[in-house]
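Q: Okay, here's the structure, questions in a sec.
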Amino acid sequence: MAGPDLINPPELGPPAGFSHAAASRDLVVLGGQIGSDASGRILAPGDLVAQFGRALENVAIALRAAGSSPELALKLTYFVTDVAAYRANLKPIGQSYRAVFGKHFPATSLFQVSGLFDPEAVVEIECLALRRVA
């Protein structure tokens, strides 16, 4: 069996010691996606809603590059630095979510963490998804 496909779309920040996505057969696993642009820079330091929306867009970019899409997501894991801020912004976060995932709601977990690798990041999202195989 061949090894996994390692996927690093140019629209996402440059990988350094990791891949944005790995896929094998019909499974896609995403590394944590943050609210960064193609250079890897956080676009809205301190803004949970903006970073959440951008991180979801980055999830969609990585999924598509791996031959998948948001509607094929099986599991999302959210890491946030402030659960209270997440709860306080459920409506705009939900709007950002539906803009990318529509009404597809895969299994999901949310964890509060004391920090993320990029100190300006306040949210990071991991995803497991199916891949379209020909």
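Q: Restricting the first residue to the range 44-55 and requiring it to be more than 11 Å from Ile125 (Cα to Cα), which pairs with a second residue that is at pLDDT 95 or above and assigned to a helix (DSSP H, G or I) meet a Cβ separation below 7 Å and a spacing of at least six or different chains?
A: Ala44/Ala50; Ala44/Gln51; Leu48/Ala85; Leu48/Tyr86; Val49/Pro92; Val49/Ile93; Val49/Ser96
Q: Considering every residue within the range 23-42, establish whether at least one is of a type in the set (D, E, K, R), modelled with pLDDT of 95 or more, assigned to a loop (DSSP other than H, G, I, E, B) and under 13 Å from the mean Cα position of the chain (by Cα).
A: yes
Q: Which condition number in (1) assigned to a loop (DSSP other than H, G, I, E, B); (2) under 15 Å from the mean Cα position of the chain (by Cα) is the one that Gly46 fails?
A: Tallying (1) assigned to a loop (DSSP other than H, G, I, E, B); (2) under 15 Å from the mean Cα position of the chain (by Cα), Gly46 fails exactly one: (2).
Q: Could you give every pair whose Cβ atoms fall below 8 Å, whose first residue belongs to the range 7-31 and is under 18 Å from Ala121 (Cα atoms), and whose second residue is among the aromatic types (Phe, Trp, Tyr), counting only separations of at least 6 or pairs across chains?
A: From residues that are under 18 Å from Ala121 (Cα atoms), the pairs are Gly31/Phe18.
Q: Confirm whether Ala55 is more than 10 Å from the chain's Cα centre (by Cα) and either surrounded by fewer than 16 Cβ atoms within 10 Å (Cβ to Cβ) or small (Gly, Ala, Ser) (or both). Give the derivation first.
A: Numbers: more than 10 Å from the chain's Cα centre (by Cα): no; either surrounded by fewer than 16 Cβ atoms within 10 Å (Cβ to Cβ) or small (Gly, Ala, Ser) (or both): yes.
When the stated conditions are applied, Ala55 does not pass them.
Q: May I ask you to list the residues in the range 1-51 that are over 22 Å from Thr81 (Cβ atoms), surrounded by 15 or more Cβ atoms within 10 Å (Cβ to Cβ) and among the hydrophobic types (A, V, I, L, M, F, W, C)?
A: If the condition is that a residue be over 22 Å from Thr81 (Cβ atoms), surrounded by 15 or more Cβ atoms within 10 Å (Cβ to Cβ) and among the hydrophobic types (A, V, I, L, M, F, W, C), then Ile7, Ala21, Ala22, Ala23, Leu27, Val28, Val29 are the ones that fit.
Q: Report, by residue number, each residue of the range 1-22 that is part of a loop (DSSP other than H, G, I, E, B) and under 14 Å from Arg64 (Cα atoms).
A: The answer is Asn8, Pro9, Pro10, Glu11, Leu12, His20.
Q: A further question follows. Are any of the residues in the range 96-109 among the basic types (Lys, Arg) and out of contact with any Ser or Thr (no Cβ under 7 Å at 6 or more places or on another chain)?
A: yes
Q: Anything in the range 101-134 that is under 15 Å from Thr77 (Cα atoms) and among the aromatic types (Phe, Trp, Tyr)? List them, or say none.
A: Phe101, Phe105, Phe111
Q: With respect to Ala84, is the statement that it is assigned to a helix (DSSP H, G or I) and over 19 Å from Pro4 (Cβ atoms) true?
A: Answer is yes for this residue.
The values are calculated or read from the model by the stated rules, or taken from the named source; none is laboratory data. Everything quoted here is computed from the prediction, not taken from an experiment. Quick reminder, even Gly has a Cβ in these numbers, built from the backbone with ideal geometry, and neighbours come from all protein chains shown.
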